[in-house]
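Following: one structure in structure tokens, then a few remarks.
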Amino acid sequence: MDRSRLIWRTLALMGIVVLPVLPALGTGPAHPDIPDLDDLLAEYEAGWLDLDDLRAMGLSVFATPFNVHDGLGDGPFDPAEDDVLAFGHRPTLQGNGQHLRVNGLDSQSCNECHTIVSNRSRLPTLGFGGVGGVVQNAIIMPSVIDVADSTDDRVHFQAGHEPELPMLEDGVADYSGRFANPPFLFGGGGVELLGKEMTADLQQKLQRARQAPAGTEIELDTHRVHFGTVTSLGSGEVSLEVEGIGPEDITGIEPEEVLVVRPFGRKGENFSMRDFDRGAMQFHLGIQPVEVVGEGEDEDGDGQVDEVTIAEMSVLHIFDVTNPRPVEQRRDRASARGKRTFRVIGCMSCHRAQMWTRSSSVPLAHPEVAADPEANVYLEIDLAEEAGFERNSRGGLIVPLYSDLKRHKMGPRLAETFERGGLANDEFITARLWGIADSAPYLHDGRATTLADAIESHGGEAQGARDAFLALRPAQQDDLLLFLGTLRTPRRPNEELVPLLE
């Protein structure tokens, strides 16, 4: 049998009605129904489905342009809502009922934001799971965008505006939200595995502190990254002094929730790719995941229930973590000199060339428990076999991400003006530099069109490395940039899955 029909034949044998994908023509959902997670796993264990089949289902969830019959868009605007920026009943542009663009409701599929495999090639190479251009940036929860550079004091007092945001005629379009450039998905499974192992280590140290005599101080170190200290206060109580992890103000937050490594999102908000996807489905598409709102619940009042099921989120997660990893090309003499310079001037203190995992398999869970990566695991995927990671000498993986998965203060030039977050506006998780040669534009909001511009914009904890780069001779700067040019995205990622959906 033609393997490209295996998924849909299997679904038919299981009694599942597979709808034609006609998002622009039909009067029903754009995405076909798939079985529940238990049935999928049973078929996988029995050999009816293999991992590529599950990945292809995930690609279908990722790339299908959803329509209103899938639940696209929020429900009717409700002026009684306490927070009109929150998911569910947002206002829409000209009352169109579906799209807003500013504060989400800005796409029909995940693929609309993650399309560029390489911006270095001419013409740019497109594919599934890449970065986005500036036009694809997310404009997140603003209460004011002063495009006219207003000085009208009345804007301070209009409902919905931030009274503390200064209005000055200074060439700055004052803005109280976040502006986020979409990153690529490549290598995300290795990043998730690292984050989960680091979280498990920190949770173990926390439990040791809870059981230790009062005054015992334990360093919160994992995978050679330092996140602060935990001190026993006796009787199971502890005090945390953390850096680069947790919200800006940890008062009243359980230590277990603080000590979760969250490697996804430019600020480090999400502990897994699935955790990111849950919010993205609601924010960007107005689609409510069952695992967030409950089965059979029409939380946004748009007439649709079970808009994205547990099984659909699970296969999307499988697709996410099996995206192939970026690669480092063989260096010539100039780029080898550039890598040495990159290390000598201090860039590698945060942009660590590689981190090692203990395991080669990433555990996927539902429901997920942020502080317990081993809870409710339904599948483990070997990333050496499925995503191209190299095994290390200890049985785990080498993850050449050029990051430490920790947040750092980056100075006032890069600071955001977000009024609603629990994370400091001047802090960002260390950018993963693998694939950087292909992933322009740069920085969290895409403001830097070249790597040299991105380096020059660094401040805060990176000020010393930035100044050292600018002090280099031009030839040394060129060598360092040539080294960064060896950090490439994978070629033709995920193309092997396309025939499975044709």
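Nothing in this text is a laboratory measurement; each read-out follows from the coordinates by a stated rule. Keep in mind the model is a prediction, meaning the values are calculated, not measured. All Cβ positions, glycine included, derive from the backbone under ideal geometry; neighbour counts span all protein chains shown.
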> Which whole-number percent is the relative contact order of region 327-488 (Cα, under 8 Å, 6+ apart)?
Replying inline: 32 percent
>> Taking amide H atoms as placed 1.01 Å from N in the peptide plane, list the residues 5 or more away in sequence, or in a different chain, whose amide H sits under 5 Å from that of H366.
In response: Y378
> If you add up the charges near S121, with Lys and Arg at +1 and Asp and Glu at -1, over every other residue whose beta carbon is less than 14 angstrom from its beta carbon, what do you get?
Replying inline: +4
> How about region 382-476: which trypsin sites (Lys or Arg not before Pro) there are in a DSSP loop, with at most 13 other Cβ atoms within 10 Å of their Cβ?
Replying inline: R394, R413
> So, with +1 on the Cβ of K and R and -1 on the Cβ of D and E, and no other charges, what is the size of the charge dipole of the chain about its Cα centre, to the nearest 20 debye?
Replying inline: 3160 debye
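From largest to smallest, what semi-axes in whole angstrom does region 327-488 give when each is the square root of 5 times an eigenvalue of its alpha carbon gyration tensor?
30, 23, 13
Restricting to DSSP H runs of at least four residues, report the calculated mean residue ellipticity at 222 nm for the chain, -39500 (n - 2.57) per run over all residues, nearest 500 deg cm²/dmol.
Helix-only estimate at 222 nm: -7000 deg cm²/dmol.
Can you give the net charge of the other residues whose Cβ lies under 12 Å from the Cβ of D372, counting K and R as +1 and D and E as -1?
Combined, the nearby Lys, Arg, Asp and Glu give -3.
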> Which of the listed residues, V293, G265, I253, is farthest toward the dipole's positive end in the chain, when Lys, Arg count +1 and Asp, Glu count -1 at the beta-carbon?
Replying inline: G265
> Cβ under 14 Å from R333's Cβ, R333 left aside: what net charge do those residues give with Lys, Arg +1 and Asp, Glu -1?
Replying inline: +2
> Karplus couplings for region 106-119 from phi (6.51 cos²θ - 1.76 cosθ + 1.60, θ = phi - 60°), rounded to Hz, Gly and Pro as x?
Replying inline: 10, 7, 10, 8, 4, 5, 4, 9, 10, 10, 9, 6, 8, 9
> Per-residue HN-Hα couplings for region 207-223, Karplus 6.51 cos²θ - 1.76 cosθ + 1.60 at θ = phi - 60°, whole Hz, x for Gly and Pro?
Replying inline: 5, 4, 5, 5, 9, 8, x, 4, x, 5, 10, 10, 6, 8, 10, 8, 6
>> Just to be sure I follow the rule: in the chain, considering lysines 8 or more places apart or on different chains, how many pairs have Cα atoms under 21 Å apart?
In response: 6
>> Can you tell me the mean projection area, over all orientations, of the convex hull of region 188-258's alpha carbons? Units nm², please.
In response: 4.7 nm²
> Taking N as the number of residues in the chain, what is its Cα Rg relative to 2.2 N^0.38 Å?
Replying inline: 1.00
> Ranked by Cβ crowding within 10 angstrom, fewest neighbours first, how are Y378, Y442, Y402 ordered?
Replying inline: Y378, Y442, Y402
